[in-house]
Amino acid sequence: MIVMEDVYKKYPNGITAANGLNVNIDQGEFVYVVGPSGAGKSTFIKMIYREERATKGNIQVDRFDLINMKNKEVPYLRRDVGVVFQDFKLLQSKTVYENIAYAMEVVEKDPAEIKDRVMEVLDLVNLKHKVRMMPDELSGGEQQRISIARSIANTPKVLIADEPTGNLDPDTSWEIMNILEEINKNGTTIVMATHNKEIVNTLKHRVIAIENGRIARDEEQGEYGYEI
């Protein structure tokens with residue numbers, strides 16, 4: 001599902017954030033991406049959904065060639081790759097329903113299909129009763145659950161989660177992880193960047209550790225491996 005071959009990313013300021021990455025992630029895997037701050041985790045994540053373009057190498061996500069992809073093709077990639085952010089990125093002027101529906105409207109889904117799917121994903125995150133509320137009327141955990149619902153509205157093959165529990169308390173973090181586990185069980189590939197040692201060490205999955213832009217470890221059922 002995701003292949004990186006000899007991938008480099010050098011920024012204009014001279015920092016090399018990806019230094020010869022080679023990775024193969026299969027469909028249906030759940031992968032944690034860990035490492036010290038500034039190690040290259042965010043760059044790794046952003047290259048998968050083409051927020052950042054690699055300097056050289058090969059990146060393939062499903063049927064998409066991300067190195068040679070034209071900018072106008074990126075929206076098609078993002079129909080297959082959902083993204084959950086640490087700071088939610090909900091549209092503050094839209095209701096819960098409208099936030100999720102918008103993700104489907106931009107890819108011109110049928111209105112009847114949109115209505116059914118919005119309620120389906122709200123049911124998955126246990127927030128159907130909040131459908132008419134505005135984002136500022138929700139707790140941080142509820143906003144993140146809506147963010148997840150929006151990210152899977154178009155049934156993506158890959159879900160990128162960039163520090164999805166970073167702004168949440170421990171109990172709420174576990175609620176979010178239970179939802180991500182359920183999404184993964186339904187066949188979606190999940191790649192999650194995290195600093196949450198307890199989650200990584202409890203909910204065991206593959207761990208890719210990045211240090212200085214290189215892969216330091218790649219372990220099935222791995223440990224977090226860093227002091228916090």
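For the reader, a short list of remarks on this structure follows.
- Number of the condition not met by Pro111 [criteria: (1) over 19 Å from Gln27 (Cα atoms); (2) touching a residue at least 12 places away in the same chain (Cβ under 8 Å)]: (2)
- Filter pass, Glu108 being at pLDDT below 95 and charged (D, E, K, R): yes
- Counted residues, the range 177-228 - those being without any contact (Cβ under 8 Å) to a residue 60 or more places away in the chain and basic (Lys, Arg): 4
- Within the range 173-228, tally of residues that are under 18 Å from the mean Cα position of the chain (by Cα) and of a type in the set (S, T, N, Q): 8
The values are calculated or read from the model by the stated rules, or taken from the named source; none is laboratory data. A quick note: this is a predicted structure, and the numbers were derived from the prediction, not measured. In this analysis, Cβ positions are derived from the backbone assuming ideal geometry, glycine residues included, and neighbour counts consider all displayed protein chains.
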